[in-house]
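To start, the structure itself, in structure tokens.
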Amino acid sequence: MEEIGEFFAENPMAAVIAAGEVGFWVFIAAGLAVRYVLRARRVSAVLLAMVPLVDVVVLVATVLDLSAGGEPGFTHGLAAVYLGFSVVFGPSMVRWADERFAHRFAGGPPPPKRQGREKLRHEWREWGKCLLACGLAAVALLAAILAIGEPERVAPLWGWFPRLGTVSVIWLVAGPVWEALSGTREEARP
């Protein structure tokens, strides 16, 4: 546990990103709990409106750190990736959690189970969102690279572009390609 504390002390941006991820889920859980358990829709709306502010906090912290002379590193690239994925997948993650809370605490219908072609279409949509998230992260990385403007300082940020490509390829294979190959076998079974 002490090593984790030391890591965050040496990498304050990693602490900001970790706090951002925790805050993201805390605001979602609190907002939905208040909506379905306490039946306070207005308070719930305020808590859920805080979810995008977490992204703003991570973005502002990153900009402040870099503008104060922080050395661009792995965690600054991770902040750009976190921002891209959070912005693109955040709304669907809230809907996903809302369906489950509504079912569990408000007698709502069970979450839909996708099968066959519907599941395959869903996987292609999710992969498209992955590409969009990677694109947004790439734009944020390029903005940071151009703003810093010193080639020797921004080398760690350039290293994120191959990672984004790797994530996209893995998602493609593990998502829609896998579903296309395994889903057609499931449909063919009697």
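Tabulated data
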| item | result |
| --- | --- |
| For segment 1-75 versus segment 94-173, the gap between their alpha-carbon centres in whole angstrom | 18 |
| Exposed trypsin sites (Lys or Arg not before Pro) absent - longest run of the chain, DSSP non-H/G/I/E/B, at most 13 other C-beta within 10 Å | 114-190 |
| Environment charge of Ala174, counting only residues whose C-beta is closer than 13 Å and scoring Lys/Arg +1, Asp/Glu -1 | -3 |
| Mean Cβ count within 10 Å, highest first, over the residues of peptides 49-57, 137-145 | 137-145, 49-57 |
| Net length gained if the chain between Glu2 and Phe89 were fully extended (0.36 nm per residue, minus Cα distance) | 28.1 nm |
| Choice from Gly31, Gly108, Gly128 with maximal GNM fluctuation in the chain (Cα, 10 Å cutoff) | Gly108 |
| Gain upon complete extension [Val139, Phe161; 0.36 nm per residue less C-alpha separation] | 6.9 nm |
| Per-pair calculated FRET efficiency, R0 = 41 Å: Val22 and Leu131 via Cβ, rounded to 0.05 | 0.95 |
| Between helix 12-36 and the chain: long-axis angle, C-alpha atoms, 0 to 90°, nearest 10 | 30 |
| FRET efficiency, 1/(1 + (r/R0)^6) with R0 41 Å, evaluated for Met50 and Glu71 via beta carbons | 0.85 |
| Overall Cα dimensions of segment 106-190, principal axis frame, Å, largest first | 62, 37, 14 |
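Just so you know, all these numbers are worked out from the coordinates, no wet-lab data involved. Here the structure is a predicted model, which means the values were calculated and not measured. Neighbour counts run over all protein chains shown; Cβ positions are idealised from the backbone, glycine included.
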